[in-house]
Amino acid sequence: MRVHVTDLIDGDRLLNDTFNDYGLHVLSKGTVLNSQEISRLFQHRIDYVDIDERVSEVAEGRTLESTINPKWLPTVQPLYENAVKNCEGIFSTAAASGKIDDAQVTSMFGPLLDNLQLERDVVSMLLLLNTKDDYTYQHSVQVGMLSYYLASWVGYTDEEAVKVGKAGFLHDIGKCRIEDQVLNKPGRLTEEEYEEVKKHTIYGHEIILQSFDEPFVAYGALQHHERNDGTGYPHGLSGDEIHPVSKIIAVVDIYSAMISQRVYQQKRDLLYVLRELYRLSFKELDPSTTHTFIRHMMPNFIGKRVELVSGESGLIVMTHPTEFFRPLIQIDNEFIDMSIERDYEIQHVYL
């Protein structure tokens, strides 16, 4: 079937080799299209391509949906679910013995990180894998995954990034000492309850130090709620007093919490979440770390449909390296550079 590039969706497969107007080969026959490949077609100004018939077509409105799962899902999903399940056991062991089995953490979290290196669309990944169940354990796994990515993006070696990922995974281990009725309380915490919850940072620091000799992993647990302006806890540290690993975990901790179905009950607009991180980067979060995270997350929106404040609908074609939230979009046959056309504003991104 022949379709316009604006109608392509993740999972479409090219029926033929694709060339631009200058005869340059762009994509090969059989390529399964995802956001990066669709963006390349836009960049080469290719209007139409031939693709294999899609698996399903939903009548009533003729909305096309691909039932093809992302190529990484069959591999990553069981590893993710296993990590979440085993995370509960690690918390239980820490609560009973005050220690963590480092070998157990490595054997459970390592395979997940190994496969993460194959997948960069972390926006879709975390949304597809995210559920309402086991919030504390899912949050721990997600923060570990994102900490690994962000550590790589800010310049850590892969070996170092794996350790940062482990620090992110264990950042909330101190919550094993907080009573469930307090952690899972649906209403507002009392002042006494909130003070007890804040102690999870100190508890986690103690548990990790008693378990293995990796001080910066323990710092991740102790300082992930410290804030650049000194308003955080438990010690009110600021600026360079906060360990760089803790600054990484602080960013992804907030991101993971805001995209979770438990915390962010309304229609989740991830662009709003990144904008909120950007706002926090001018006071509470480390600006360099936060902006690196946003800059690397934004390209995952390429190929996604957007609704503008004006009511118009378009497609994100390219992202801007510094004007994070003002990408190049296509509306029908017109390309709009939002970094120049300042009257346009994105209201929602469809993922």
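A few points about this structure:
- Among residues of segment 71-90 that are open to solvent by less than 10 Å² (accessible area, probe 1.4 Å), those with a Cβ under 7 angstrom from a residue that is outside any helix (DSSP H, G or I), sequence gap 6+ or separate chain, pair up as Val76/Glu119; Ile90/Ile100.
- Selection from segment 297-322 of residues that are within 11 Å of Val349 (Cβ to Cβ) and among the acidic types (Asp, Glu): Glu307
- Filtered by the rule that a residue be open to solvent by 30 Å² or more (accessible area, probe 1.4 Å) and in contact (Cβ under 8 Å) with a residue 40 or more places away in the chain, segment 230-243 gives a lone residue, Thr231.
- Meets criteria (part of a loop (DSSP other than H, G, I, E, B), surrounded by 12 or more Cβ atoms within 10 Å (Cβ to Cβ) and at pLDDT 85 or above) for Lys99: yes
- The single residue among Val306, Val252 that is crowded, with 16+ Cβ neighbours inside 10 Å and at pLDDT 95 or above turns out to be Val252.
- Every residue from segment 314-336 that is touching a Phe, Trp or Tyr at 6+ places or on another chain (Cβ under 9 Å), farther than 14 Å from Lys304 by Cα and open to solvent by 30 Å² or more (accessible area, probe 1.4 Å): Phe335
- From Arg227, Arg279, residue being in contact (Cβ under 8 Å) with a residue 24 or more places away in the chain, out of contact with any helix residue (DSSP H, G or I) (no Cβ under 6 Å at 6 or more places or on another chain) and open to solvent by 20 Å² or more (accessible area, probe 1.4 Å): Arg227
The values are calculated or read from the model by the stated rules, or taken from the named source; none is laboratory data. Values in this document were obtained by computation on a predicted structure and should not be read as measured data. Neighbour counts are summed over all protein chains in view; Cβ atoms, including those assigned to glycine, are modelled from backbone coordinates with ideal geometry. In case anyone asks, the SASA skips ligands and DNA or RNA and just uses the protein heavy atoms, side chains included. Shrake-Rupley method; radii C 1.70, N 1.55, O 1.52, S 1.80 Å.
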